[in-house]
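Scroll down for the structure; my scribbles are underneath it.
The values are calculated or read from the model by the stated rules, or taken from the named source; none is laboratory data. Computed from a predicted model, the values in this text were never measured in an experiment. Using ideal geometry, Cβ is built from the backbone for each residue, glycine included, and neighbour counts are taken over all protein chains shown.
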Amino acid sequence: MSQTPLSFLEATEFLDIEHDAVRTFAATAIGDASTDQEKAIRLFTAVRDQVWYDPYSVSDDPAHYRASFVLQAGRAYCVPKAVLLTAVCRSAGIPARLGFADVRNHLQTEALRARMGGTDLFVFHGYSSICVDGTWLKATPAFNTELCARFGVPPVDFDGENDALMHAFTADGTQHMEYVRDRGVFQDLPLAAILAELRDTYGPMVDASSISVDDAFAKRPTTQTRPDGASHGSHSPQEAR
């Protein structure tokens, strides 16, 4: 699109881009990058790897979907991670919006599939739509590099020129991710619609998110270094809610 609406640079209820933690995270991740392309690449990588992907951290508390809270928690599922990436892009002056799609994830733990009622369909999978040099690109920062290694899939990389979506297959050719329905793009998080769809599809999954699950998704290092250099301990799914 030739003209970018100013709304894709603004703060919102969930994209609290003026919060000190969000600004600090963005500035530290960007470092000495001078172009929007390089800034977007560094922001994507920081969000992907500095926030652990935790599919059990689904919450119905609106406060837990703000970008600043995602940084505080240090772990999140795809929707809050997309919120964070969108927020830090806007904080850096790069237009960004939230995008959603339904996907089939063919790589699941038994515990996660059971929590989801036996389905491999993930509704309202979140990603960021980032405007780099006039071109809107899709970028999903959900799976951190360490988690990808555990499941034998390469991490999604963003080059600032092409869409960065989940890989269709693993390294050995096993089917991984299949995009089945586009939910569109939004200026801010449509949380009410997302929670309604999650409850309709998975039943009590949202309300059970405080229950600890010990599988490949739930494990994480004891400590993790944030982009600002601070070290913090791991959080239980209940703490991340």
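Take residues that are of a type outside the set (S, T, N, Q), under 24 Å from residue 160 (Cβ atoms) and modelled with pLDDT of 95 or more and tell me which of the helices (runs of 4 or more DSSP H) falling wholly in the range 42-148 contain 3 or more.
Values: elements: 67-73, 78-91, 110-115.
Filter on the range 42-148 gives 67-73, 78-91.
I'm told residue 80 meets every condition in (1) over 13 Å from the mean Cα position of the chain (by Cα); (2) closer than 23 Å to residue 105 by Cα; (3) not acidic (Asp, Glu) except one. Can you identify the failing condition by its number?
(1)
What do you reckon, is residue 70 touching a residue at least 40 places away in the same chain (Cβ under 8 Å) and β-branched (Val, Ile, Thr)?
Details: touching a residue at least 40 places away in the same chain (Cβ under 8 Å): no; β-branched (Val, Ile, Thr): yes.
In short, no.
Do the conditions hold for residue 75, that is, is it of a type in the set (Lys, Arg), more than 20 Å from residue 132 (Cβ to Cβ) and either in contact with a helix residue (DSSP H, G or I) (Cβ under 9 Å, 6 or more places away or on another chain) or surrounded by 24 or more Cβ atoms within 10 Å (Cβ to Cβ) (or both)? Talk me through it step by step, then tell me what you get.
Working: of a type in the set (Lys, Arg): yes; more than 20 Å from residue 132 (Cβ to Cβ): yes; either in contact with a helix residue (DSSP H, G or I) (Cβ under 9 Å, 6 or more places away or on another chain) or surrounded by 24 or more Cβ atoms within 10 Å (Cβ to Cβ) (or both): yes.
Yes; evaluated as a whole, the condition is true for this residue.
Could you say which residue among 32, 49, 60 is over 25 Å from residue 205 (Cα atoms), in contact with a helix residue (DSSP H, G or I) (Cβ under 6 Å, 6 or more places away or on another chain) and of a type in the set (Asp, Glu)? So that I can check it myself, show each step before the final result.
Details: 32 fails: in contact with a helix residue (DSSP H, G or I) (Cβ under 6 Å, 6 or more places away or on another chain); 60 fails: over 25 Å from residue 205 (Cα atoms).
None of the others qualify; the one that does is 49.
Name the residues in the range 24-41 that are out of contact with any strand residue (DSSP E or B) (no Cβ under 7 Å at 6 or more places or on another chain) and in a helix (DSSP H, G or I), would you? Explain how you work it out, then say what you get.
Step one: filter the range 24-41 for residues out of contact with any strand residue (DSSP E or B) (no Cβ under 7 Å at 6 or more places or on another chain), giving 24-35, 38-39, 41.
Within the range 24-41, 24, 25, 26, 27, 28, 29, 30, 38, 39, 41 qualify.
Tell me, which residue of the range 29-41 that is surrounded by fewer than 20 Cβ atoms within 10 Å (Cβ to Cβ) and either at pLDDT below 95 or of a type outside the set (Asp, Glu) (or both) is nearest to residue 161 (Cα to Cα)? So that I can check it myself, show each step before the final result.
Of all residues in the range 29-41, those surrounded by fewer than 20 Cβ atoms within 10 Å (Cβ to Cβ) come to 31-38.
If we keep only those that are either at pLDDT below 95 or of a type outside the set (Asp, Glu) (or both) too, we end up with 31, 33-35, 37.
Working: 31: 20, 33: 16, 34: 16, 35: 13, 37: 8 Å.
So, considering only residues that are surrounded by fewer than 20 Cβ atoms within 10 Å (Cβ to Cβ) and either at pLDDT below 95 or of a type outside the set (Asp, Glu) (or both), the one nearest to residue 161 (Cα to Cα) is 37.
Given the residues 180, 185, which is the only one that is under 18 Å from residue 138 (Cα atoms), at pLDDT 95 or above, of a type in the set (A, V, I, L, M) and out of contact with any helix residue (DSSP H, G or I) (no Cβ under 6 Å at 6 or more places or on another chain)?
Details: 180 fails: at pLDDT 95 or above.
None of the other options fit; the residue is 185.
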